[in-house]
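Heads up: the structure comes next, in structure tokens.
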Amino acid sequence: PTNLVQVISSKCLQSITLVWTGREYGSTSNALHTLFTSIASFSDSLRTCDIRISCRNHEPCPATHTLSPLFKLSPIALRSLELSDISLQLGNDDFKLILTSFPAVEVLRLGHRNTHTGAILPSALKAVVDACPKLRELGVRIRGDSDDPLLVTDVGSHPVMELAELTHFEIKDVDRLAQFVLRIFPHIRPYYDGEEDVLQQRIAELKTVRKN
């Protein structure tokens with residue numbers, strides 16, 4: 001993919017839609033960093049950027065390092081970044097930095113379908129409310145921490161979030177988490193990918209109760 005990007009003149013490119021698919025890629029971290037560096041060379045002219053990459057990698061990619069070239073783009077340029085199957089070393093600080101770097105992003109998926117991807121605490125979702133008012137779709141892995149005081153605190157609500165694909169593990173109190181998710185994302189619809197999910201089921205139940 002980097003070769004395709006490099007043949008375009010960086011002086012005139014205003015919009016790019018990149019789709020990269022493949023079943024496996026051994027050196028994904030270096031490949032992605034190189035690809036994103038090429039895209040960043042268009043920062044002076046690029047106004048809209050949509051990226052969707054679907055392949056699995058052997059070793060987890062450091063999220064901040066891998067995505068750092070894209071931080072050079074105009075804050076409003078990146079509209080969607082979908083890395084659903086990529087394994088990312090992702091933590092709370094990485095997640096917050098990514099959100100603040102892309103305040104106009106509308107679709108953001110960060111390795112949530114790969115079980116080797118790092119997980120954030122549920123309370124880190126507050127950063128979505130603070131940093132990305134246009135975000136409509138989010139995919140991220142979360143891990144449980146039922147003692148987190150933010151789960152019972154009013155942290156505001158997001159105006160437009162429609163779909164939250166929250167793959168999860170070590171969740172001790174599903175009901176508490178579902179209520180928290182609905183408080184910050186009141187407009188989301190339950191998400192199903194063909195498998196039973198206790199969190200999405202509880203979200204659906206709570207939304208039904210509220211309608212009645």
With runs of 4+ DSSP H residues as the only contributors, calculate the mean residue ellipticity of the chain at 222 nm using -39,500 (n - 2.57) per run, divided by the residue total and rounded to the nearest 500.
-8500 deg cm²/dmol
What is the local net charge at His33, summed over the other residues whose Cβ is closer than 15 Å to its Cβ (Lys, Arg +1; Asp, Glu -1)?
-1
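If Lys and Arg each add +1 and Asp and Glu each add -1, what is the summed charge of the other residues whose beta carbon sits under 15 Å from the beta carbon of Ser101?
0
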(i) 31; (ii) 20; (iii) 26: which one is percent of Cα pairs over 29 Å apart as calculated from this entry?
(iii)
Among rounded, prolate and oblate, which fits segment 125-168 when a ≥ b ≥ c are the square roots of the eigenvalues of its C-alpha gyration tensor, a/c under 1.5 means rounded, and a/b larger than b/c means prolate?
oblate
Beyond 17 Å, how much of the Cα-Cα pair distribution for segment 76-137 remains, as a whole percent?
36
The chain: Lys pairs at Cα distance under 30 angstrom, eight or more positions apart or on different chains:
17
Hey, what did the chain get for relative contact order, percent, Cα under 8 Å, at least 6 apart?
14
I'd like the orientation of helix 198-211 relative to the chain: the angle between its Cα long axis and the longest Cα principal axis, in ° from 0 to 90, rounded to 10.
60
The percentage of the accessible area of segment 102-212 (probe 1.4 Å, all protein chains present) made up of carbon and sulfur atoms, to the nearest whole number, is 48
How much area per residue is accessible in the chain when the probe is 1.4 Å and only protein heavy atoms are counted (Å²)?
48
Using only Cα atoms, figure out Rg for segment 93-212 and give it as a multiple of 2.2 N^0.38 Å.
0.98
Report, in degrees rounded to the nearest 10, the 0 to 90 angle that the Cα long axis of helix 28-40 makes with the longest principal axis of the chain.
70
Hey, could you pull the Cα Rg and Dmax for segment 157-212, both in Å?
10.7, 31
Helix 174-184: angle to the longest alpha-carbon principal axis of the chain, degrees 0 to 90, nearest 10?
60
The chain, Gaussian network, Cα under 10 Å: of Leu78, Leu135, Leu35, the residue fluctuating most is Leu35
Vicinal HN-Hα couplings computed from phi for segment 107-115 (Karplus, 6.51 cos²θ - 1.76 cosθ + 1.60; Hz; Gly/Pro x):
9, 9, 10, 10, x, 6, 8, 9, 5
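The values are calculated or read from the model by the stated rules, or taken from the named source; none is laboratory data. Note that the structure is predicted; figures quoted are calculated from it, not measured. All Cβ positions, glycine included, derive from the backbone under ideal geometry; neighbour counts span all protein chains shown. These accessible areas exclude ligands, DNA and RNA; they are computed on the full protein's heavy atoms, side chains included. Shrake-Rupley method; radii C 1.70, N 1.55, O 1.52, S 1.80 Å.
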